[in-house]
Amino acid sequence: MTLWSGRFETAPDPAAFDFGISFGFDRALFEDDVTGSIAWAHALAAADVLSAADTEAIVKALGDILEQGRRDPSWIAGPDEDVHSFVERQLVDRIGDAGRRLHTGRSRNEQVSLDLRLYLRRRIRLLQQAVVKLVGACADQAEQAGAAMMPSYTHLRRAQPVLVAHFFLSHASALRRDYARLAMAAEEADSLTLGSGAIAGTSYGIDTNLLAHALGFSRVVPNSMDASSDRDFVATFLYAIALGMVHLSRMAEDLIIFTGEEYGFFDLADASATGSSMMPQKKNPDPLELVRGKTGRAIGRLTGWLATMKGLPGGYNKDLQEDKEAVFDAEATYIASLTATHAVVSRLSVNSERSGRAASGLLLATDVADYLVARGMPFRRAHEVVGAMVRRLLAEGRDFSTLTMAEWREASDMFGDDAPKAATALASVQARRTPQSTNPDAVSAALADCRRWIRSTSESK
Ligand code: ARG
């Protein structure tokens, strides 16, 4: 028995009907469907469509249904076409005709959009909490790293020395944008669709502003035709996740490289690594590789969803049902990846002796050039002078620390006795001046800012 069987002479062909069943996955919307229906019953009552007795029976029965579903999620099952049909069947089983009055003036088109909006509002908060937790792990690593240094890279070639803390806070910065992007997705979903009917609006005197308020929405959709097919908020959510996954993937890639034997700046904890079935020496970063791999899947959910939307004529089309598996899968992928990344990052140890050693050497060339600039040489000229020094040092397998004073002067008579001191990793980071730089004071301030941000996110809950 479907919600629409009255119109048809024959029972549906299972080959066609089963294909359209969404209950297997939209049961995740159970709680939101019931919440929306309780509010709808009150709105119908306020519009004098439902009697007080019917309203009371409906609200009470829906409350029982909600409780039963929460107590035993496996109960949310059956031959129903979708979660909306399931809830209505349960309601009618309990209270008969009063239950049959609930769908007055309402369509599943607006209902399913409402449910998904309510769902996202709940779930985005959980995703944001997981993002904050990972930012916290980066901040902890930054704090523990103290004065430890490592090379930074461009083109994956050694560029300039940075504090290890600066590296961890760089990833925290991207994660903070992910948090904000999730907030934007929640903001976009924050519109009430009820009152739109199937497409043209409802003919009952529903106070949509009051209903929006009751359900915690800050506004009502402006156009019923648009509302019946609008899933932009789904695309925005999937984009927030796709880019969030891209950031996790890049962090994973950095950590895979920096924990490998060739770099060895950080060590993976045994607890967050895996072994090889054949090679006894292996300690593999599987969780990080899987995060990187699953990023392709999250991007696929976004592009797949955009492709589904692009050809749709106005108004509701059944294609839109595909939104839910995209949302649920992307969400599950993201939360699992955030959790796994947190497990790895929080147990990482910094091998500061090794990372520090890699942070000195020829990557101090810019600092040597800056030394000359400070004494009046035009930068382009200084670049040439130091370039020639680098060429020579490379040929001789040496670095700046081995130059004698005579050799410094030979390169340029502007080099004074203090030149060797300028060519150290510590002098290099201390020479940075801007707030976003790796200057140790700037990094301390950035860490404090990160901690404040973490606190502010829990206060805003
Ligand atoms: N399962 C459907 C979906 O997810 C619910 C809406 C059904 N509306 C309809 N007109 N068939 O989109």
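The values are calculated or read from the model by the stated rules, or taken from the named source; none is laboratory data. Model, not experiment: these values are computed from the prediction. Counting neighbours? That spans all protein chains shown, and the Cβs are built from the backbone with ideal geometry, glycine included. Side chains are part of the model used for accessible areas, which takes the heavy atoms of the whole protein and leaves out ligands, DNA and RNA. Shrake-Rupley method; radii C 1.70, N 1.55, O 1.52, S 1.80 Å.
Summary of computed values
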| read-out | value |
| --- | --- |
| Answer residue from region 93-118, given it is more than 20 Å from Ser203 (Cα to Cα) and surrounded by fewer than 17 Cβ atoms within 10 Å (Cβ to Cβ) and is nearest to the ligand (Cβ to nearest atom) among those | Asp93 |
| Search result, residues across region 312-343 that are touching a helix residue (DSSP H, G or I) at 6+ places or on another chain (Cβ under 8 Å) and assigned to a loop (DSSP other than H, G, I, E, B) | Leu312, Gly314, Gly315, Tyr316, Asn317 |
| Answer from Tyr334, Tyr371, Tyr316 - the residue that is at pLDDT 95 or above and within 16 Å of the ligand (Cβ to nearest atom) | Tyr316 |
| Failed condition for Ser203, given (1) small (Gly, Ala, Ser); (2) outside any loop (DSSP other than H, G, I, E, B); (3) open to solvent by 10 Å² or more (accessible area, probe 1.4 Å) | (2) |
| Tally, over region 149-163, of residues that are at negative phi and either touching a Gly at 6+ places or on another chain (Cβ under 6 Å) or surrounded by fewer than 21 Cβ atoms within 10 Å (Cβ to Cβ) (or both) | 8 |
| Condition met for Ala185 (part of a loop (DSSP other than H, G, I, E, B) and touching a residue at least 40 places away in the same chain (Cβ under 8 Å)) | no |
| Scope region 263-292; condition farther than 14 Å from Met251 by Cβ and part of a helix (DSSP H, G or I); matching residues | Asp270, Ala271, Asp286 |
| Hey, Gly146 open to solvent by 10 Å² or more (accessible area, probe 1.4 Å) and within 16 Å of the ligand (Cβ to nearest atom) or not | no |
| Yes/no for Arg357 being open to solvent by 30 Å² or more (accessible area, probe 1.4 Å), under 28 Å from Ile256 (Cα atoms) and in contact with a helix residue (DSSP H, G or I) (Cβ under 7 Å, 6 or more places away or on another chain) | no |
| Neighbours by Cβ (under 7 Å, 6+ apart or cross-chain): first from region 18-38, of a type in the set (A, V, I, L, M); second in a helix (DSSP H, G or I) and more than 13 Å from the ligand (Cβ to nearest atom) | Val34/Leu62; Val34/Ile65; Val34/Leu66; Ile38/Val59; Ile38/Leu62 |
| Residues being in a helix (DSSP H, G or I) and closer than 23 Å to Phe17 by Cβ - total across region 76-98 | 11 |
| Wholly enclosed helices (runs of 4 or more DSSP H) of region 1-73 bearing at least 3 residues loosely packed, with under 15 Cβ neighbours inside 10 Å | 14-20, 52-71 |
| Some residue of region 50-59 being within 13 Å of the ligand (Cβ to nearest atom) and at pLDDT 95 or above | no |
| Test for Ala365: is it more than 30 Å from Ala445 (Cβ to Cβ) and surrounded by 15 or more Cβ atoms within 10 Å (Cβ to Cβ) | no |
| Check on Ile256, hydrophobic (A, V, I, L, M, F, W, C) and in contact (Cβ under 8 Å) with a residue 40 or more places away in the chain | no |
| Selection status of Asn284, of a type outside the set (Asp, Glu) and within 16 Å of the ligand (Cβ to nearest atom) | no |
| For Ile454: the one exception among (1) open to solvent by 30 Å² or more (accessible area, probe 1.4 Å); (2) over 35 Å from the mean Cα position of the chain (by Cα) | (2) |
| Residue in region 78-89 that is away from the ligand (no atom under 16 Å from the Cβ) and open to solvent by 10 Å² or more (accessible area, probe 1.4 Å) present | no |
| Every residue from region 417-435 that is touching a residue at least 40 places away in the same chain (Cβ under 8 Å) and more than 48 Å from the chain's Cα centre (by Cα) | none |
| Criterion: open to solvent by 10 Å² or more (accessible area, probe 1.4 Å), farther than 24 Å from Gly197 by Cα and away from the ligand (no atom under 16 Å from the Cβ) - qualifying residue of Lys310, Lys294 | Lys294 |
| Any pair with Cβ under 8 angstrom, 6 or more apart, that starts in region 96-118 at a residue that is among the acidic types (Asp, Glu) and ends at one that is within 9 Å of the ligand (Cβ to nearest atom) and not in a helix (DSSP H, G or I) | Glu110/Ala198 |
| Residue satisfying all of: in region 411-434; of a type in the set (D, E, K, R) and not in a helix (DSSP H, G or I); farthest from Ala358 (Cα to Cα) among these | Asp413 |
| Residues within region 374-386 that are closer than 13 Å to Ser412 by Cβ and open to solvent by 30 Å² or more (accessible area, probe 1.4 Å), tallied | 7 |
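Residues are listed down the side, and each one gets a yes or a no for (1) under 16 Å from the mean Cα position of the chain (by Cα); (2) without any contact (Cβ under 8 Å) to a residue 24 or more places away in the chain:
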| residue | (1), (2) |
| --- | --- |
| Trp75 | no, yes |
| Leu126 | yes, no |
| Ala142 | no, no |
| Val162 | no, no |
